[in-house]
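Q: Once you've had a glance at the structure underneath, I'll fire off some questions.
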Amino acid sequence: MALVTRRFSVPARLGLALLLFFALDALAFRTGWYVSILEPNSTAGFLRTYLNIEKQRPIGRYRQVLAVGDSRMGLKTRVANLVTGNTGCEFGTIAVPGTTPRCWYYMLREVDPRCDRYDAILVPFDSYDDRAWERHADRDLDLNYLMPLLRVTDLPRFVLSYPSWTNRGRAAEAVLLKGLVYQNDFQAFLASPRTRLQFVRLQEEHAREWYYDAAWDRRSLAGMSVDWNAKTVTLPVWLPPEKRRETEHILLEDTKPISADYTSYRRQWLGAILDRYRGTRTRFIFLRLPRGPVVRPDLPPPDPNSMACQFASAGRAILLPEHTFDSLERPELFGDALHLNEEGGYEFSMMLAGEIGRLLAPAQGAR
Amino acid sequence: MLFHTPQFFAFFVVVLVLFYALPRPARRWILLAASYFFYMCWNAKFVLLIVALTAIDYTAAMWMRRLPAGSKRKAALVMSLAANLGFLGFFKYYNFLAGNLAWVMARPFDAFALHIILPMGISFHTFQSMSYVIDVYRGEQEVITNVVDYALYIAFFPQLVAGPIVRARHFFADLYDWRAPDAREILRGTLLVVFGLLKKLAIADQFARIADVFFRDPAAHPGYLAAWSGVIAFSIQIFFDFSGYTDMAIGLAQILGFHFPENFRRPYLARSITEFWRRWHISLSTWLRDYLYIPLGGNRHGRWQTYRNLMLTMLLGGLWHGASWNFVIWGGYHGALLSLERILGIRERQRWSIFDPLRVALTFALASISWIFFRAATLRDSVYILRRLCSGAHGHILWLHWQLWFVLAALVLAVLEESYGWFERLPEAPAWVYASAIAVCLFCLELIGFSGRAVPFVYFQF
């Protein structure tokens, strides 16, 4: 087989073809052009909007505090920033529903590329213990969030962070072949480009008020009760049946087991976040969120060897006492089994702002 | 293992490496083993059927070699044809005949039915086998004495399951005078594989979604615009699906040093149905011409015999595709159109005239109508859709705008290929032109290639 002749060189032509293909892919999807017109309601589009809001937030003269987290992170920055004068802290958030520490690593890299923007970063925990049912390391939903944030250089770390070969394959696709992962979004864009562009423009104009300053559910679980012996829950009548089933399930499910997988996952990704900020002025504050509208009576004692405790004892993070927000674990402050309602969010934000202000005040003065 | 799956490409790379790494005498063994493995990935048991047919036809040809012309030689031919048609008839047509018999006897439709799995590619490899035996009988083909060579001819994996139907003389000319493909041939083969993938994944599978939605429930999409767009979506799907497969088969074979005949030549640019059949599934239409139409008398015995022969050939061609009345009607429809064009004296012309675009559009519409019988689940559905094509309400087009633009781009490329033959020039074009073409194809595949569950090729069912 003569691959190279005087006139033709097969390897050169095919190599050039691959090079051009990756150049086209990069031109369309790595320059930020396509990411700017992603469907705002898609997972990746939603994340991009959130990150953009934070990136565009002007940095004031106060200490900058950023919250990461998922939908349980009850910080309402609008509320926390009402008392900036007292706390000396200005709060931002990139807490996006459904995200996990792996996502937070890449999200932080996006909003704070030089690791010099924040005085403190708040990392929320459901529990300091490494308790989980789910196998977080193999969570494929992370891919949907992270598509726009991944770079070619992320290939080994990101791909190998997935234990299963199926998800490693998908992760490699997300890193290398951007067009492939945006395929559905791109085809939807082609179906009605004008509508998409209008929606994106509208989103850019109003995203802050839609997401950032939005009011949360004002209803509460006030009046609910749990009979832990009979394993029955009485819930307020306004809860729709699906939400009712979900709330009952969450409240009554067995305590999550300590998971070695989860310990290792937290070590990897929280460790990576902390490593990235090593030697910077940014301090990491771990906090346990209010656990729910009611707290089950048979909770096991806290595990002193959890990853969060290990990071704290190594001096890499500050651990807020785990009972700091216990007073907020009341039905009237929750909209469902997991999430604070508007009032709960207000109370939590005020408390958190005060705690963080106190914590940071002796260490650093206002800039 | 479908051509457009990562598993197939991994398989092909292994075959390619072994093929070129091993000494020449071992290469046919590698190809035969790979071909049987390829088939066994679908269903291991049915490889025995291929082996059995191979043994029968090989033996029949060897007998013919020893026998002088006469009744014994003819008996060997008949035995071989009976075996091929017997297997084909049983696997493909038994349930069709049993269902019709049950209908005649006023019994439930499945009264005599058997649970039969149709062996993949049986229609293709039996026709290939039969052409060899007939050619040997006619003295137009030398008998192949090496059973491995003959087995490879029948089972060669690039064309095993959906053609093109390769004539023995072409295949053995390549096998016995095999020479390594040069750089130009490898570049052409690679281009064909990439084009084939693009046709299949980016166009055929996109339009398959539209066609599936329409044909699954035609009544849910009222109006003639919906009906025409659904029907044309299938016309596009079947062409790009089958020609995409064929391009890949030809390209893969070329990389291995084998040359398959052209199977499609831009059929939707045909100006008549006669011309359409010179451009569509060429390896089948020439097979039907050489082994059915001409032996029936062709056009040598007057007008009416010619029309009869055309009808018979196309009816059997229809039945070859599948065992249902829909396929019989499809074949009959084409036979009738071919006869009508003869009656009207429509002849193929080399030069294009100003009215030819209209003729192309008319031929495309006529071909599209025929695909209704091909795709609809039942005869009743076919008739319903036909009526809907000319219903009063207009409804709405089922396509998205960008799909229309994509097809128009493909049409422009086809017209340019017809006029300038750019495709054959591409491997010889400057490196950056060739590389850009491949890169653009890959980029389109990345963006538009259907990346859900692999959709099987339409012609695999035949």
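Q: Quick one: which residues, 5+ away or cross-chain, put their amide H under 5 Å from the amide H of A:THR93? H built at 1.01 Å from N.
A: When sequence neighbours closer than 5 places are left aside, the close amide H contacts are A:ALA67.
Q: Considering the dipole of the protein assembly as shown built from charges on the beta carbon (Lys and Arg +1, Asp and Glu -1) around the Cα centre, which of A:PRO97, B:PHE9, B:TRP325 is farthest to its positive end?
A: Ranked along the dipole, the leading option is B:TRP325.
Q: Binning at 5 angstrom from zero up to the longest distance, how are the C-alpha pair distances of region B:293-428 distributed in percent?
A: Whole-percent P(r) values from 0 Å outward: 2, 8, 11, 15, 15, 16, 16, 10, 4, 2, 0.
Q: Report P(r) for chain B: all Cα-Cα distances, bin width 10 Å, range 0 to the bin holding the largest distance, values in whole percent.
A: Over chain B, the share of Cα pairs per 10 Å bin runs 4, 18, 29, 29, 16, 4, 0 percent.
Q: Run the simple label-point estimate for B:SER419 and B:VAL148 please: 7 Å along Cα→C-beta, distance reported in nm.
A: About 5.2 nm separates the two model spin labels.
Q: Per the Kirkwood treatment, what hydrodynamic radius in Å, one decimal, follows for region B:292-360 from the mean inverse distance over all distinct Cα pairs?
A: On the way: mean 1/r = 0.0759 Å⁻¹.
That comes to 13.2 Å for region B:292-360.
Q: Here's a follow-up. Taking N as the number of residues in region B:28-178, what is its Cα Rg relative to 2.2 N^0.38 Å?
A: Details: Rg = 17.1 Å, N = 151, 2.2 N^0.38 = 14.8 Å.
Rg over 2.2 N^0.38 Å, computed on Cα atoms: 1.16.
Q: Using a probe of 1.4 angstrom, how much of the accessible area of the protein assembly as shown is carbon and sulfur, in percent? It would help to have the intermediate numbers written out before the result.
A: Details: 22960 of 36990 Å².
Carbon plus sulfur share of accessible area: 62 percent.
Q: With +1 on the Cβ of every Lys and Arg and -1 on the Cβ of every Asp and Glu, and nothing else charged, how large is the dipole of the protein assembly as shown about its Cα centre, in debye rounded to the nearest 20?
A: Details: 89 positive and 70 negative charges, 563 e Å.
The calculation lands at about 2700 debye.
Q: Post the alpha-carbon centroid distance, region A:31-85 to region B:196-245, in whole angstrom.
A: Each part's Cα centre sits 44 Å from the other's.
Q: Further, regarding this structure: Using a simple charge model, +1 on the beta-carbon of Lys and Arg, -1 on the beta-carbon of Asp and Glu, nothing else, what dipole does region B:28-178 show about its Cα centre, in debye to the nearest 20?
A: Working: 12 positive and 8 negative charges, 83 e Å.
Rounded to the nearest 20 debye, it is 400 debye.
Q: I would also like to ask the following. Averaged over peptide A:14-23, how many Cβ atoms belonging to another chain are found within 10 Å of each residue's Cβ? Could the numbers behind the result be given before it?
A: On the way: counts 7, 2, 7, 14, 4, 2, 9, 10, 3, 2.
Taking all residues of A:14-23 together, the mean is 6.
Q: For region A:208-327, with equal point scatterers placed on the C-alpha atoms only and solvent neglected, what are the log10 I(q)/I(0) values from the Debye formula at q = 0.10, 0.15, 0.17 1/Å, to two decimals?
A: Here the Debye-derived log intensity ratios amount to -0.49, -0.97, -1.08.
Q: Relative to the Cα centre, what is the charge dipole magnitude of chain A, using +1 at the beta carbon of each Lys and Arg, -1 at the beta carbon of each Asp and Glu, and rounding to the nearest 20 debye? Walk me through the numbers on the way to the answer.
A: Details: 48 positive and 43 negative charges, 359 e Å.
In debye, rounded to 20, chain A gives about 1720.
Q: Here is a further query. Keeping to pairs on different chains or 8 or more places apart, tell me how many lysine pairs in the protein assembly as shown have Cα atoms under 19 Å apart. If you can, show how the numbers build up before the last one.
A: Working: A:LYS55/A:LYS76; A:LYS231/A:LYS243; A:LYS231/A:LYS256; B:LYS45/B:LYS92.
The result is 4.
Q: Would you please calculate the Kirkwood hydrodynamic radius of region B:215-262 over all C-alpha pairs and express it in Å, rounded to one decimal? Each step should come with its number before you reach the end.
A: Working: mean 1/r = 0.0774 Å⁻¹.
The Cα-based Kirkwood calculation yields 12.9 Å.
Q: OK, next. Would you work out which of A:LEU82, B:ILE236, B:LEU312 lies farthest towards the positive end of the dipole of the protein assembly as shown? Charges go on Cβ: Lys and Arg +1, Asp and Glu -1.
A: The one lying farthest along the dipole's positive direction is B:LEU312.
Q: If we restrict to alpha carbons, what Rg and Dmax does the protein assembly as shown come to, in Å?
A: Using the Cα atoms of the protein assembly as shown, the pair Rg, Dmax is 34.5, 112 Å.
Q: Net charge near B:LEU386: determine it from the other residues with C-beta under 13 Å of the C-beta of B:LEU386, scoring Lys and Arg +1 and Asp and Glu -1.
A: +3
Q: What FRET efficiency, computed as 1/(1 + (r/R0)^6) with R0 = 60 Å and r the Cβ-Cβ distance, is obtained for B:ALA75 and B:LEU411, rounded to the nearest 0.05?
A: Numbers: r = 52 Å, r/R0 = 0.87.
Efficiency, rounded to the nearest 0.05: 0.70.
Q: Using a Gaussian network model of chain A whose springs link C-alpha atoms within less than 10 Å, name the residue from A:SER164, A:SER192, A:SER71 with the highest mean-square fluctuation.
A: So, out of A:SER164, A:SER192, A:SER71, the one fluctuating most is A:SER192.
Q: Summarise the partner chain shielding of A:24-34 as one whole number: the mean count of Cβ atoms from other chains within 10 Å of each residue's Cβ. Intermediate values should be presented prior to the final figure.
A: On the way: counts 8, 5, 0, 1, 3, 2, 0, 0, 0, 0, 0.
Shielding by partners across A:24-34 averages 2.
Q: Shifting gears a bit: Kindly provide the pair-distance distribution of region A:97-225 built from C-alpha pairs, with 10 Å bins from 0 and whole-percent values in order of increasing distance.
A: Taking all Cα pairs of region A:97-225, the binned fractions are 9, 27, 34, 23, 6, 0 percent.
Q: With springs connecting C-alpha atoms under 10 Å apart, model chain A as a Gaussian network and identify which of A:ALA174, A:ALA12, A:ALA132 has the largest mean-square fluctuation.
A: Of A:ALA174, A:ALA12, A:ALA132, the Gaussian network model singles out A:ALA12 as fluctuating most.
Q: Once you wrap a convex hull around the alpha carbon atoms of chain A, what is its projected area averaged over all directions, in nm²? Write down the numbers at each step before the final one.
A: Values: hull surface 94.9 nm².
Result: 23.7 nm².
Q: Where in region B:409-431 does accessible area fall by at least 30 Å² between the isolated chain and the complete protein assembly, at a 1.4 Å probe radius?
A: Checking the loss per residue gives B:GLU428, B:ALA431.
Q: Something else now. Among A:PHE334, A:LEU20, A:HIS136, which residue has its Cα furthest toward the positive end of the charge dipole of chain A, with +1 on Lys/Arg Cβ and -1 on Asp/Glu Cβ?
A: Result: A:LEU20.
The values are calculated or read from the model by the stated rules, or taken from the named source; none is laboratory data. From a predicted model like this one, the values you see are computed outputs, not experimental measurements. As a convention, Cβ positions derive from the backbone with ideal geometry for all residues, glycine included, and neighbour counts pool all protein chains shown. Surface accessibility is based on the protein's heavy atoms, side chains included, excluding ligands, DNA and RNA. Shrake-Rupley method; radii C 1.70, N 1.55, O 1.52, S 1.80 Å.
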